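Reading through the structure tokens given below for one structure.
The values are calculated or read from the model by the stated rules, or taken from the named source; none is laboratory data. From a predicted model like this one, the values you see are computed outputs, not experimental measurements. For neighbour counting, all protein chains shown are included, and Cβ atoms are generated from backbone atoms with ideal geometry for every residue, glycine included. The protein model used for the area step is the full one, side chains on, heavy atoms only, and it has no ligands, DNA or RNA in it. Shrake-Rupley method; radii C 1.70, N 1.55, O 1.52, S 1.80 Å.
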Amino acid sequence: MSRHTGARELVERVLDRASWTSWDAPVVDPPSLSAAYAEELATARALTGLDEALITGAGDIDGRRVAVIACEFNFLAGSVGVAAAERLVVAINRATSEGLAIVASPTSGGTRMQEGTVAFLQMVKISAAVAAHRAAGLPYLTYLRHPTTGGVLASWGSLGHVTVAEPGAMIGFLGPRVYEALYGLPFPAGVQVAENLYDHGLLDAVVPPEQLREVAARALEVLLAPRAGLPDVEDVAHDSVYEVPAWESVERSRRPERPSVRALLKVAAHTVTPLHGTGEGESGGLLIALAKFGVAPCLVIAQDRRRQLAGSLVDPAALREARRGIRLAEELGLPLVTVIDTSGAELSQAAEESGLAGEIARCVSELVMLPAPTICVLLGQGAGGAALALLPADRVVAAQHAWLSPLPPEGASAILYRTTERAAEVADWQGVRSLDLLRDDVVDRIVAERPDAADEPSAFLTRLGGVLEHELVALMRAGTSQRHEARLARYRRLGLS
């Protein structure tokens, strides 16, 4: 990094012109202030023109009122002591009471060492304030600037619903200088760098300050979109679906040209903000995104056929990514769309030792109990537990040639007949195709392919997008308890009639 982006500079970049209102009251210095510390504070104030290491206030992003908290690194390395922490908590509490989303941007060396243990313990009240803000269903976005370390990263820097960082920013809990002093060795190069942390699923994106406004505006358009009072959305006509053998659908679903969820978002959605990883050090290859289908906002969790074709099957990390998305949907009250397109879960020693079965179970149980509206899209292949993990939903929509089975038909054939040669026969009598799933009340509606989505991708995806908008708006109009009772009843009676 060649320079530090200042707090006031960041505010000017992110907010609408002349919309900033400061919330900062005069700070109260610690009662027992040493002469040396007092001199440091005086120097920092003269250098920056600020009275503390962070500024707080409110302004507009594309006309949407938000709270903003920004650190100033040139003020004692952006460190947080009692006064800065109190300013921070007061701002978070005010944003919560006023129902405002927060855009928080730390850049800090961490806890202010001059104030000792009391400063260190400020992490607790800061984290509690952020937790209360999130519990109120309000978005909390973080932008980590160079550098963000120590207790600041370990509290309000790591609690974002969406977390992005500055290119090349040093981000880490332990400062390299401290590590070297304690252990006599340099900290490994390249670890505490934004791009590396993105690769490890800890960040959703790495963007320069000049792009932060665009990223925040796009995310907030979905996160703050109205959930009630939406206009009527005309339903896409229910197409008649022609009969094809189950095995033909299986073969069509495997065509490399078949459109993926990425194509669906490109053609039929807008205001798309990709998220990345579990936020806990893993990236499993699922696609997670904030998006809108027409007027309907949602969070999308999807199996990406491009990753599947490249050999990246669904593993425990991917399911933990899915669970991150489920938690976000629950916390923000955002409708959830899951997309199934998988040839199966990864079958390996690593998957077993990382708890594959347990992650499938937790995904299923969390989806079944999720208060938010849910739609599942069977887009292509739906093999085994990897597919089941994303299935439970209020409404299930299937592409005509999508299918769902306990195993790929070849695997079921091998179990039953000790050969894969009877896969077509097994697929037929197991009832895996969309028409069979509709008959058995697994699927609620089918989106026709004319005759194959791979041959008419844009038209098919546009139809599917229209169906999703209509279904999402209808679900958002239903009461939460009504939706949930119907969802539980659906799976309770499945196969009994």
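With a 10 Å radius around each residue's Cβ, average the other Cβ atoms per peptide and rank 362-371, 34-43, highest first.
On the way: 362-371: 17.4, 34-43: 12.6.
Sorting 362-371, 34-43 by mean packing, highest first, produces 362-371, 34-43.
So for each of 385-392, 93-100, 490-497 I average, over its residues, the number of other beta carbons within 10 Å; can you give me the resulting order with the highest mean first?
Most protected by this proxy first, the peptides run 385-392, 93-100, 490-497.
For the chain, return all DSSP H helices satisfying: extent of Cα atoms along own axis at least 18 Å; mean Kyte-Doolittle hydropathy at least 1.0.
Span-like helices here: 356-369.
Taking Cα centroids, how far is region 249-320 from region 142-177 in Å?
27
For the chain, what is the largest minus smallest coordinate of the Cα atoms on each principal axis, given in angstrom and ordered from greatest to least?
Here the spans come out as 85, 55, 38 Å, largest first.
Quick one: if you take sqrt(5λ) for each eigenvalue of the C-alpha gyration tensor of region 1-145, what semi-axes come out, biggest first, whole angstrom?
Value: 25, 18, 13 Å, ordered largest first.
Accessible area per residue for region 1-92 in Å², computed with a 1.4 Å probe and the full protein assembly in place, what is it?
Dividing the accessible area of region 1-92 by its residue count gives 46 Å².
Could you grab the relative contact order for region 1-62? Cα pairs under 8 Å, six or more apart, rounded to a whole percent.
Relative contact order here is 56 percent.
Please give the length that would be gained between LYS125 and ARG13 if that part of the chain were fully extended, namely 0.36 nm times their separation in residues minus their C-alpha to C-alpha distance (nm, one decimal).
Length difference between fully extended and current span is 37.4 nm.
Considering just Cα atoms, how many Å³ per residue does the convex hull of region 411-475 enclose?
On the way: hull volume 7.6 nm³, N = 65.
Convex hull of Cα atoms, per residue: 117 Å³.
For region 300-455, give the percent of accessible area contributed by carbon and sulfur heavy atoms, probe 1.4 Å, rounded to a whole number.
The computed percentage sits at 53.
In nanometres, what is the gap between the two model label sites at ALA154 and ASP441, each 7 Å from Cα along Cα-to-Cβ?
In this crude spin-label approximation the distance works out to 5.3 nm.
Would you mind getting the accessible area per residue of region 367-407, heavy atoms of the protein chains only, 1.4 Å probe, in Å²? Before the final figure, lay out the partial values.
Details: 710 Å² over 41 residues.
Here the per-residue accessible area is 17 Å².
Report the dimensions of region 101-177 along its three principal axes from the alpha-carbon atoms, largest first, rounded to Å.
38, 32, 13
Which value, in Å² and to the nearest 10, is the accessible area of HIS270 when all protein chains are kept and the probe is 1.4 Å?
The value for HIS270 is about 70 Å².
Ignoring ligands, DNA and RNA, what percent of the 1.4 Å accessible area of region 165-239 is carbon and sulfur?
60
Over region 167-229, give the accessible area per residue in Å² for a 1.4 Å probe, as an integer. Intermediate results must be reported in sequence, preceding the final value.
Details: 3410 Å² over 63 residues.
Averaged over the residues of region 167-229, the accessible area is 54 Å².
Leaving ligands, DNA and RNA out of it, report the carbon-plus-sulfur percent of the accessible area of region 1-159 at a 1.4 Å probe.
57
In region 38-118, how does Rg compare with the Kirkwood Rh, expressed as the Rg/Rh ratio over alpha carbon atoms?
Rounded to two decimals, Rg/Rh equals 1.02.
Kindly rank 298-308, 16-26 from highest to lowest mean number of other beta carbons found within 10 Å of each residue.
Per-residue mean Cβ counts within 10 Å order the peptides as 298-308, 16-26.
Given R₀ = 35 Å, FRET efficiency for ILE415-VAL368 by Cβ-Cβ distance, to 0.05?
It comes out at approximately 0.80.
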